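The values are calculated or read from the model by the stated rules, or taken from the named source; none is laboratory data. From a predicted model like this one, the values you see are computed outputs, not experimental measurements. Don't worry about glycine lacking a Cβ; one is built from the backbone with ideal geometry, like all the others, and counts go over all protein chains shown.
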Amino acid sequence: MVLGVLVGYVVHQAATPEWISGFAANIKLLTTIFLRMVQMIIAPLVFSTLVVGIAKLGDLTAVGRVGGKAMLWFITASLVSLLIGMVLVNFFQPGTAIDLSNADSTGAQDLVGKTKAFTLTNFVEHVFPKSVIEAMATNEILQLVVFSIFFGIAATSIGAYAKPVIKALEGISHIILKMVNYVMAFAPLGVFGAISAVIAVKGLEVFKFYGLYLLYFLIGILVLWSILLLVGFLLLGKRLPKLLKSIAQPLLIAFSTTSSEAVFPKLTEELERFGCRDKIVSFILPLGYSFNLDGSMMYMTFASLAIAQAYGIHLDLGTQLTMLIVLMLTSKGIAGVPRASLVVVAATCGMFKIPPEGIALILPIDHFCDMFRSMTNVLGNALATTVVSKWEGELEG
């Protein structure tokens, strides 16, 4: 990041406008490569973890009952998180700290592919797949989640015949998680490309935007944590402090690695030690990693609307609420992969006529935002798993 600032500043001061434009376009290829690599691993990760989680529960009645309770928590938490992001970004207006109204957005298609205007027909087509292969190839994650749920339920219903398949998918999920580590090794290059391009074009004025953006986002995280912990205390009572102590290490790991997936094994172990039954944990956690990423959800409305503000695009309340519902549904299944939420933000921006290339603006500061939202995702999933365990009478101790 520091090197990107230095290189971008030197180019901004010394080069001609034409040379700066060419430099920015070329250096942003590093960012494009990184984002495409992130997209590459999301689909197989979501499919393998979600199918294994559903199949391990072992009983269709239990799948329906536990799944229903889990979805009640997930949907409520997601709506609250999205609303917090929407309210705060409208109150603080972080995007107004920088003007991108004249920015070139021709490279947007490289980041998000083809986008369509929001209609009911397009939305239904976005949810229900006609081909799982096509859904994987085009990174239609919500379609993949729908297929994975059907696949997992079918695998559960046929019992022993499906065990080899489930075991293979479990192995695949571990391989993909290892790939996540490899892909994240390229994150510094993506950050370097993004910040070099922004500084070269805009100069150091961009740091005013970054400072305000991070400050306002942290206020949002603080509000979200307060709500989650309050609900957790109401439902778990005096056991909440013990739960927080149990998951302290996973929270720290998620914060330092910017990946809630990185703590999946450790979080599973700590929740079972806390008193949650293993069959509940093995179902709720993989499902939660696809459906219950509270920190990422709050960030999505915050980032999308901040980009709109930076481009001087005014969105009325009705449009913002529509965006909230679209994010609520299309973001499910993004998994806890670092910066995967940027892909959803970019696609949503394109759907609402906001230049999706604006995510290049927030990528340099995204690493720091990701530290806090990854930790929030872990807290949200730990609370969801524990609360559902209690509702099911499966919480020991």
Going by the conditions given, is ALA162 at pLDDT 80 or above and either crowded, with 18+ Cβ neighbours inside 10 Å or of a type in the set (Val, Ile, Thr) (or both)? yes
Test for ILE41: is it in contact (Cβ under 8 Å) with a residue 12 or more places away in the chain and under 25 Å from the mean Cα position of the chain (by Cα): yes
Pairs, please: C-beta under 7 Å, at least 6 apart or cross-chain, first residue under 17 Å from ARG65 (Cβ atoms) and part of a loop (DSSP other than H, G, I, E, B) and in the range 383-397, second at pLDDT below 90 and of a type in the set (Val, Ile, Thr)? GLU392/VAL66; GLU392/ILE280; GLU394/ILE280
Just checking, does the range 137-152 include any residue being modelled with pLDDT of 85 or more, of a type in the set (A, V, I, L, M) and either closer than 20 Å to VAL326 by Cβ or more than 18 Å from the chain's Cα centre (by Cα) (or both)? no
Those helices (runs of 4 or more DSSP H) completely within the range 199-310 that have 2 or more residues that are aromatic (Phe, Trp, Tyr) are 206-236, 264-274, 278-291, 294-310
Search result, residues across the range 185-228 that are in contact (Cβ under 8 Å) with a residue 60 or more places away in the chain, over 15 Å from ASP370 (Cβ atoms) and of a type in the set (Ser, Thr, Tyr): SER196, TYR216
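Say whether the condition of being small (Gly, Ala, Ser) and modelled with pLDDT of 75 or more is met by at least one residue in the range 23-33.
Scanning the range 23-33, I find at least one residue that is small (Gly, Ala, Ser) and modelled with pLDDT of 75 or more, so the answer is yes.
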Any residue at all in the range 116-131 that's at pLDDT 75 or above and crowded, with 20+ Cβ neighbours inside 10 Å? yes
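Looking only at the range 232-279, count how many residues are of a type in the set (A, V, I, L, M, F, W, C) and in contact with a Phe, Trp or Tyr (Cβ under 9 Å, 6 or more places away or on another chain).
Counting residues in the range 232-279 that are of a type in the set (A, V, I, L, M, F, W, C) and in contact with a Phe, Trp or Tyr (Cβ under 9 Å, 6 or more places away or on another chain) gives 6.
Rundown of residues vs (1) in a loop (DSSP other than H, G, I, E, B); (2) in contact with a Lys or Arg (Cβ under 6 Å, 6 or more places away or on another chain); (3) of a type in the set (Gly, Ala, Ser); (4) surrounded by fewer than 15 Cβ atoms within 10 Å (Cβ to Cβ), yes/no style:
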| site | (1), (2), (3), (4) |
| --- | --- |
| SER48 | no, no, yes, no |
| ALA55 | no, no, yes, no |
| VAL63 | no, no, no, no |
| THR76 | no, no, no, yes |
| SER81 | no, no, yes, no |
| GLY85 | no, no, yes, no |
| LEU88 | no, no, no, no |
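Of the residues in the range 212-240, how many are more than 20 Å from the chain's Cα centre (by Cα), loosely packed, with under 13 Cβ neighbours inside 10 Å and on the phi < 0 side of the Ramachandran plot?
4
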